[in-house]
Amino acid sequence: MENWIIPQDWAHFTPQDHIVWDTLYARQSALLPGRAAAAFIDGLERLELSRGGIPEFGALSERLHAQTGWRVVAVPGLVPDDVFFRMLAARIFPAGNFIRRPDQLDYLEAPDVFHDVFGHVPLLSDPVFADYMQAYGEGGLRALELGALPALARLYWYTVEFGLVREAGGLRIYGAGIVSSAGESRFALESESPNRIGFDLERLLRTRYKIDEFQAVYFVIESFEQLLRATLDTDFAPLYARVGTLAELAPADVLASDRLFTRGAQASASKSLAE
Ligand code: HBI
Ligand code: FE
């Protein structure tokens, strides 16, 4: 996996690139208190991500490594799945080495340094979530052997990218795809349209996801410990086999057995499927 890692060459970022980072950072840090999980806000502070400008990965990795043994490295873009999993299993997080243009503030197709570092890195400083991300990497390598990557990718999608967690004050965001998006930071918690369903691993693995619009469903965990336990305590081979025998679910589907925090406006009533 080393040959996918490139020097960040922090000096290559232009003043405009740093302004884009600062603009996105200011917008999200105004939105997220009260919306993001406490561990995310703590992570921003612990890693001193509020210093301004695109972080230099060497210094950032020193701070992060001291917390949980994780490091951040630069990669040109998406890396092959096996490389990605091997990196996570080694507590190495691959971050895009580019940042979106000023006219792309609200949407971009490939994860840039803001999505990867602002979205993903703060929670890598939380010990339990840091363990979960490494366990996910190890699980990904096993999923590749079992040909079960599409199922496992749903776990990443509905937790690491678009997960919600229940805290004393209510539902909070921890998914990187949400915290790095101004629109979805509001939508995920405040819109009536999506379903919000209690985390259930088998149910989640059956559920397709959408990649280019706000999610139609958000899964809610009680804690990062619950997520870590679900990953460590599950024998995924029989689970994958069982999920393979059950009907796939569309993102807006609702099951009678679902623990519904919110039944979304777009939940198709006729789709209240029995088991
Ligand atoms: N590569 N750099 C990078 N970042 C990702 O988030 C990433 C990836 N490769 C594959 C991937 N994510 C997803 O397919 C995972 O679900 C495996
Ligand atoms: Fe991501």
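Overview of results
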{"read-out": "Cα-projected label distance for residue 62 with residue 237, points at 7 Å along beta-carbon direction, nm", "value": "4.6 nm"}
{"read-out": "GluC sites (Glu not before Pro) restricted to DSSP loop in segment 147-206 with at most 15 other C-beta within 10 Å", "value": "192"}
{"read-out": "Whole-number D in µm²/s for segment 81-160 (Stokes-Einstein; Kirkwood sum over Cα pairs; 25 °C, 0.890 mPa s)", "value": "181 µm²/s"}
{"read-out": "Residue-normalised accessible area of the chain, given per residue in Å² at a 1.4 Å probe", "value": "42 Å²"}
{"read-out": "Cβ charges +1 (Lys, Arg) and -1 (Asp, Glu), total dipole of the chain, debye", "value": "460 debye"}
{"read-out": "Pairwise label distance in nanometres, residue 23 with residue 145, each label 7 Å out on the Cα-Cβ vector", "value": "4.8 nm"}
{"read-out": "Convex hull volume per residue for segment 2-262, taking Cα atoms only, in Å³", "value": "118 Å³"}
{"read-out": "Under 5 Å, built H, 5+ apart or other chain: amide partners of residue 217", "value": "195"}
{"read-out": "Extension reserve of the residue 200-residue 78 stretch, reckoned as 0.36 nm per residue once the Cα distance is removed", "value": "41.1 nm"}
{"read-out": "Surface share of carbon and sulfur [accessible, 1.4 angstrom probe, percent] for segment 124-211", "value": "51 percent"}
{"read-out": "For segment 1-133, alpha-carbon Rg relative to the globular expectation (2.2 N^0.38 Å, N residues)", "value": "1.00"}
{"read-out": "Carbon and sulfur %, accessible surface of segment 31-119 computed with the full protein complex present, 1.4 Å", "value": "52 percent"}
{"read-out": "Volume in Å³ per residue [convex hull over Cα atoms, computed for segment 122-205]", "value": "110 Å³"}
{"read-out": "Euclidean distance between Cα centres, segment 1-63 to segment 66-126, Å", "value": "10 Å"}
{"read-out": "Amide H partners (placed H, <5 Å) of residue 74, local residues excluded", "value": "6, 8, 95"}
{"read-out": "Rounded to 10°, Cα long-axis angle of helix 57-68 versus longest principal axis of the chain", "value": "50 degrees"}
{"read-out": "Rounded to 5, percent antiparallel among DSSP beta bridges of the chain", "value": "30 percent"}
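The values are calculated or read from the model by the stated rules, or taken from the named source; none is laboratory data. Since we're looking at a predicted model, the values are computed, not measured. Cβ sites come from the backbone with ideal geometry, for glycine too, and all protein chains shown count toward neighbours. We work out accessible area using only protein heavy atoms, side chains counted, and drop any ligands, DNA or RNA first. Shrake-Rupley method; radii C 1.70, N 1.55, O 1.52, S 1.80 Å.
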